[in-house]
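The values are calculated or read from the model by the stated rules, or taken from the named source; none is laboratory data. Fair warning: this is a prediction, and the values are worked out from it, not measured in the lab. Glycine also receives a Cβ, built like all others from the backbone with ideal geometry; neighbour counts cover every protein chain displayed.
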């Protein structure tokens with residue numbers, strides 16, 4: 001029986017394309033996930049640095065193309081310049097990622113159960129469940145991630161006008177707390193929670209609904225004998241992740257620009273920065289176009305991050321389900 005289970009084709013029922021939290025080995029999930037997500041973050045970190053610098057820089061640098069800004073950073077700071085803040089982000093994100101993924105999976109599983117008996121299209125149900133999960137996950141993780149975001153972004157923009165010079169993450173924390181107290185570490189918290197929670201809900205909702213629609217457009221149904229292969233799953237999930245990332249970045253970039261400037265700029269000459277002051281200054285510098293500073297690097301970052309993240313996420317989930325299934329089949333074969 002164990003041999004038969006191992007020889008079975010690597011195909012999956014369409015109803016199993018969403019992984020339930022109670023089927024996962026949490027320890028393995030988080031350990032393997034930490035390694036894969038850190039590697040993924042390393043590949044995408046330069047786009048975050050370019051985006052952040054364009055949002056915070058003077059109008060001259062901000063109006064340059066993303067590739068030109070990338071070259072400018074390389075020329076002046078070398079390779080370390082495009083990885084500023086990465087070490088702090090990579091290490092600091094590990095516990096935050098566990099918190100975010102745990103709250104995401106638990107809340108998604110609960111929403112799927114609560115909406116199971118409701119009379120609505122399956123795509124709508126999946127979209128709502130994923131959207132609510134993204135909303136809850138972001139609200140929970142904001143408490144942890146906002147101070148980390150303040151530290152990383154201040155390291156990314158070292159040397160730009162209006163920013164303080166800091167020697168590493170500890171120095172950032174020391175200077176911010178000395179000048180503003182603990183509330184300085186939570187600059188932009190309300191704005192982050194207000195815009196990122198809907199943005200997260202939008203991303204996960206769009207991803208869940210897009211994946212469901214794509215499967216149906218390809219002719220797959222739960223009751224069919226024909227099942228999608230692992231390769232088809234990866235392609236569909238990557239496509240859905242790209243569409244979700246693109247949709248979210250277009251809608252949320254203006255607020256992200258305000259949030260980033262609010263968190264890292266100190267010298268406006270008009271007192272402690274606020275959302276209104278930051279918005280007025282941005283309008284004076286660039287007009288409405290200023291709200292889309294760094295749009296293309298952010299678009300690229302979110303699209304690639306969404307695609308690679310969801311493929312990695314689903315791959316880890318699938319690995320654990322497969323391991324559990326094979327272990328169960330082996331145990332049955334021994335009995």
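Pairs linking a residue in the stretch 145-168 that is on the phi < 0 side of the Ramachandran plot and free of Cβ contacts under 8 Å to residues at least 40 places away in the same chain to a residue that is in a loop (DSSP other than H, G, I, E, B) and surrounded by fewer than 23 Cβ atoms within 10 Å (Cβ to Cβ), with Cβ atoms under 8 Å and 6 or more positions apart or on different chains, are 165/158; 165/159; 166/158. The test for being buried (at least 20 other Cβ atoms within 10 Å of the Cβ), within 27 Å of residue 172 (Cα to Cα), in contact with a helix residue (DSSP H, G or I) (Cβ under 8 Å, 6 or more places away or on another chain) and at pLDDT 85 or above does not hold for residue 279. It is to be established whether one or more residues within the stretch 156-176 are under 20 Å from the mean Cα position of the chain (by Cα) and either assigned to a loop (DSSP other than H, G, I, E, B) or within 16 Å of residue 52 (Cα to Cα) (or both). Checking the stretch 156-176: at least one residue is under 20 Å from the mean Cα position of the chain (by Cα) and either assigned to a loop (DSSP other than H, G, I, E, B) or within 16 Å of residue 52 (Cα to Cα) (or both).
When the stretch 103-131 is examined, which residues are found to be free of Cβ contacts under 8 Å to residues at least 12 places away in the same chain and not in a loop (DSSP other than H, G, I, E, B)?
Within the stretch 103-131, 110, 113, 114 meet the criteria.
Just a yes or no: is a residue in the stretch 123-132 farther than 28 Å from residue 91 by Cα, surrounded by fewer than 18 Cβ atoms within 10 Å (Cβ to Cβ), out of contact with any helix residue (DSSP H, G or I) (no Cβ under 6 Å at 6 or more places or on another chain) and modelled with pLDDT under 80? Among the residues of the stretch 123-132, at least one is farther than 28 Å from residue 91 by Cα, surrounded by fewer than 18 Cβ atoms within 10 Å (Cβ to Cβ), out of contact with any helix residue (DSSP H, G or I) (no Cβ under 6 Å at 6 or more places or on another chain) and modelled with pLDDT under 80, which makes the answer yes. No other residue among 333, 287, 271 is at pLDDT 80 or above and either outside any helix (DSSP H, G or I) or farther than 22 Å from residue 142 by Cα (or both) apart from 287.
Only residues that are at positive phi and touching a residue at least 40 places away in the same chain (Cβ under 8 Å) were counted in the stretch 183-236, giving 1. Going through (1) touching a helix residue (DSSP H, G or I) at 6+ places or on another chain (Cβ under 9 Å); (2) in contact (Cβ under 8 Å) with a residue 24 or more places away in the chain one by one, residue 180 falls short only on (1). Take residue 153 and decide whether it is touching a helix residue (DSSP H, G or I) at 6+ places or on another chain (Cβ under 7 Å), surrounded by 23 or more Cβ atoms within 10 Å (Cβ to Cβ) and at pLDDT below 80. Criteria not met by residue 153.
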